[in-house]
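Computed from the coordinates by the stated procedures, all read-outs in this text should not be read as laboratory data. None of the values given here were measured: they were computed from a predicted structure. Backbone-built Cβ (ideal geometry, glycine too); neighbour counts: all protein chains shown.
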Amino acid sequence: MKAHVDGRFWFNVSEKGFLGAGRIELLERIGQTGSISAAARSMGMSYKAAWDAVEAMNNLADRPLVTRKAGGRRGGGTDITEFGQRVIDHYRAADEAYRRFMAQLEDRLSDLGDVVGFMRKMSMRTTAANHFHGRITAIRAGAVNDQVCVDIGGGQEVVAIVPHEAVSDLGLVRGGEVQVLFDASSVILAEDNPALKCTARNRLCGTVIETHDGAVNAEVKLRIGEGRVLTAMVTSESLAVPWLATGSRVCALIKAPHIMLAVGE
């Protein structure tokens with residue numbers, strides 16, 4: 001679904017509403033009919049509402065936009081002044097420029113792809129502290145479980161162990177988009193040491209940007225590339241180790257079974 005950009009603009013005077021599309025249409029119809037009541041009827045509004053709008057515009061403008069003609073056998077009428085016509089013309093010119101701008105903005109947003117889909121991903125709510133959007137790069141089938149490899153951007157890839165039936169039920173395929181979720185408590189932090197060997201399948205390295213100590217546990221945030229931030233939970237005593245200081249390079253270790261995958265409808 002392609003997102004459509006729309007909107008309206010209006011002019012304010014002394015921080016009060018002066019001109020918008022509705023008032024301009026009212027002025028134009030007054031000019032066509034020579035009557036506030038006829039203009040109001042053609043727009044489906046009351047005479048009082050129309051006259052209140054005309055009065056508000058006249059009060060805010062330097063010169064009247066609408067004047068009433070003296071009464072006579074037909075009870076007089078209403079005229080758009082020369083200044084009022086200039087205001088209409090300028091508004092229409094500005095409205096055309098505004099619409100061109102909105103069209104250009106929509107063209108620019110189309111470069112982002114499915115904007116609606118992106119907003120849907122952003123609005124997903126979950127209890128998992130870590131939530132990344134990714135694209136499946138490989139699926140390695142097993143007798144019971146499958147390994148699903150997901151590129152989450154920034155040069156980082158994670159592997160999840162998923163039951164074979166779940167891969168089929170979720171419609172997971174190579175190249176498909178998927179949401180990657182895992183709890184902060186599932187993350188083990190270690191020094192960024194290439195020689196370190198561990199059984200955890202996932203190793204996401206980054207820089208410590210924040211630490212928040214609590215009564216029992218502490219939270220550590222790592223920047224792992226391209227604006228992505230990973231959250232880990234450690235004991236409060238762990239914050240005392242030098243390699244967890246802000247600015248340090250640290251690796252997050254997550255076992256593949258602890259990685260959860262989700263897809264949109």
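Some observations on this one:
- Placed amide H near Val187: partners under 5 Å, 5+ positions off or other chain: Met233
- Once the Cβ-Cβ distance of Glu177 and Arg249 is raised to the sixth power relative to R0 = 35 Å, the FRET efficiency obtained is 0.70.
- Loop-located GluC sites (Glu not before Pro) in segment 160-261, at most 15 other Cβ atoms within 10 Å (DSSP): Glu226
- By the beta-carbon count within 10 Å of each Cβ, the least crowded to most crowded order of Met45, Met57, Met233, fewest first, is Met45, Met233, Met57.
- Separation of the Thr33 and Asn59 label points, Cα + 7 Å toward Cβ, nm: 2.3
- Over all pairs of different C-alpha atoms, segment 160-211 has a mean inverse distance whose reciprocal, the Kirkwood radius, equals 14.3 Å.
- Exposure proxy shown here: for Thr81, Thr246, the number of other Cβ atoms within 10 Å sets the order, fewest to most, as Thr246, Thr81.
- FRET efficiency for the pair His164 and Ala200, taken as 1/(1 + (r/R0)^6) with r the Cβ-Cβ distance and R0 = 25 Å, rounds to 0.65.
- Length gained on full extension, Lys48 to Arg92, computed as 0.36 nm times the residue gap minus the Cα-Cα distance: 13.3 nm.
- When Rg and the Kirkwood radius Rh are both evaluated on Cα atoms of segment 132-265, their ratio Rg/Rh stands at 1.00.
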